[in-house]
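Asks: One structure is given below, represented as structure tokens, and several questions about it will come after.
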Amino acid sequence: MNGKEIKNYGDFVNTLLDVGFSMGGGNSEGIFSVIPWNWKEIPPYETPVCWHTGNPETDPWEWRIRVLDQRKDIAYAKLFFRKSGYIAKEWAPYFLAVRRENRSFDEEYSEGTISNYAKRIYDAVIENGTLPLHGIKQLAGFGKDEKSQFDRALTELQMKMYLTMCGRQQKTSQKGMEYGWSSTVFCTTENFWGEDIFDKAAKIEKDEAIEKIRERIFMLNPHAESKKILKFIKG
């Protein structure tokens with residue numbers, strides 16, 4: 001199942017929808033990646049796919065945002081090992097059943113499993129619907145001296161599947177002119193997936209979800225280690 005050769009963006013999307021989830025970079029982390037080589041490595045088969053060329057058809061780095069811009073059945077965020085990854089819509093309820101266990105953000109925050117830094121970020125996104133990275137920092141009141149806390153909290157919210165990436169946006173000057181590098185845009189996972197996915201997740205027991213994902217991982221990588229699998233699944 002993991003042996004399909006990827007020659008372009010279309011192959012990548014079709015394979016990802018077929019397998020269900022993948023690490024985002026060219027490193028499987030001992031689990032699975034649709035693109036199993038990074039920008040420093042030679043592909044294991046002949047393919048025009050090459051990192052950091054800027055070609056939207058053959059550059060995996062461009063596919064991250066292209067997926068978010070063009071599709072609603074694939075999420076991309078820092079999902080596994082605090083690194084980037086993809087989850088197809090079919091598999092989202094299973095990961096949600098594990099990561100959130102049908103609990104709300106407020107419940108987790110009151111239990112002390114969500115940091116105050118994460119709450120500041122989450123509240124800003126909830127209030128505004130979608131927010132670019134620079135907008136979150138500004139509206140949540142993060143100063144330059146809180147960069148590390150901000151980065152950790154934003155990753156925490158993605159790993160727990162409360163927030164997810166949903167596109168990119170450039171900064172705008174007071175005159176309404178766009179400038180600088182594009183900034184990643186975030187929204188809640190409810191906003192991204194829709195309530196039906198959460199209804200499905202609520203009907204799945206955590207242990208059932210773990211076993212379902214574990215079985216798929218072994219199909220993709222029979223040599224995956226049990227300890228790594230659990231960390232991959234639970235976040």
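The values are calculated or read from the model by the stated rules, or taken from the named source; none is laboratory data. Note that the coordinates shown come from a computational prediction; the quantities given were computed from them, not determined experimentally. Don't worry about glycine lacking a Cβ; one is built from the backbone with ideal geometry, like all the others, and counts go over all protein chains shown. Heavy atoms of the whole protein, side chains included, go into the accessibility calculation; ligands, DNA and RNA do not. Shrake-Rupley method; radii C 1.70, N 1.55, O 1.52, S 1.80 Å.
Asks: Identify the single condition in (1) more than 19 Å from the chain's Cα centre (by Cα); (2) open to solvent by less than 30 Å² (accessible area, probe 1.4 Å) that Pro56 does not satisfy, given that it satisfies every other one.
Replies: Against the list (1) more than 19 Å from the chain's Cα centre (by Cα); (2) open to solvent by less than 30 Å² (accessible area, probe 1.4 Å), Pro56 comes up short only on (2).
Asks: Give the number of residues within segment 83-114 that are under 11 Å from Phe198 (Cα atoms) and crowded, with 20+ Cβ neighbours inside 10 Å.
Replies: The total comes to 7.
Asks: Turning to a different aspect of this structure: Being basic (Lys, Arg), within 26 Å of Ile233 (Cα to Cα) and in contact with a Pro (Cβ under 8 Å, 6 or more places away or on another chain), is that true of even one residue in segment 72-79?
Replies: Looking through segment 72-79, none of the residues is basic (Lys, Arg), within 26 Å of Ile233 (Cα to Cα) and in contact with a Pro (Cβ under 8 Å, 6 or more places away or on another chain).
Asks: Please specify each residue of segment 182-216 satisfying the condition of being farther than 20 Å from Glu156 by Cβ, assigned to a helix (DSSP H, G or I) and touching a residue at least 40 places away in the same chain (Cβ under 8 Å).
Replies: Once the filter is applied, which keeps residues that are farther than 20 Å from Glu156 by Cβ, assigned to a helix (DSSP H, G or I) and touching a residue at least 40 places away in the same chain (Cβ under 8 Å), segment 182-216 yields Ile197, Lys200, Ala202, Glu208, Ala209, Ile210, Lys212, Ile213, Arg216.
Asks: If you check Val125 against the conditions, is it assigned to a helix (DSSP H, G or I), at pLDDT 95 or above and in contact with a strand residue (DSSP E or B) (Cβ under 6 Å, 6 or more places away or on another chain)?
Replies: It is true that Val125 is assigned to a helix (DSSP H, G or I), at pLDDT 95 or above and in contact with a strand residue (DSSP E or B) (Cβ under 6 Å, 6 or more places away or on another chain).
Asks: Among (1) loosely packed, with under 13 Cβ neighbours inside 10 Å; (2) more than 23 Å from Arg120 (Cα to Cα); (3) at pLDDT 95 or above, there is one condition Arg216 misses while meeting the rest; what is its number?
Replies: (1)
Asks: What are the pairs with Cβ atoms under 6 angstrom where one residue, in segment 101-121, is of a type outside the set (S, T, N, Q) and the other, located anywhere, is not in a helix (DSSP H, G or I)? Sequence gap at least six, or different chains.
Replies: Phe105/Tyr162; Glu108/Ile114; Arg120/Ala140; Ile121/Ala140
Asks: What's the number of the only condition in (1) closer than 23 Å to Glu156 by Cα; (2) surrounded by 13 or more Cβ atoms within 10 Å (Cβ to Cβ); (3) more than 17 Å from the chain's Cα centre (by Cα) that Ala224 fails to meet?
Replies: Of everything listed in (1) closer than 23 Å to Glu156 by Cα; (2) surrounded by 13 or more Cβ atoms within 10 Å (Cβ to Cβ); (3) more than 17 Å from the chain's Cα centre (by Cα), Ala224 misses just condition (1).
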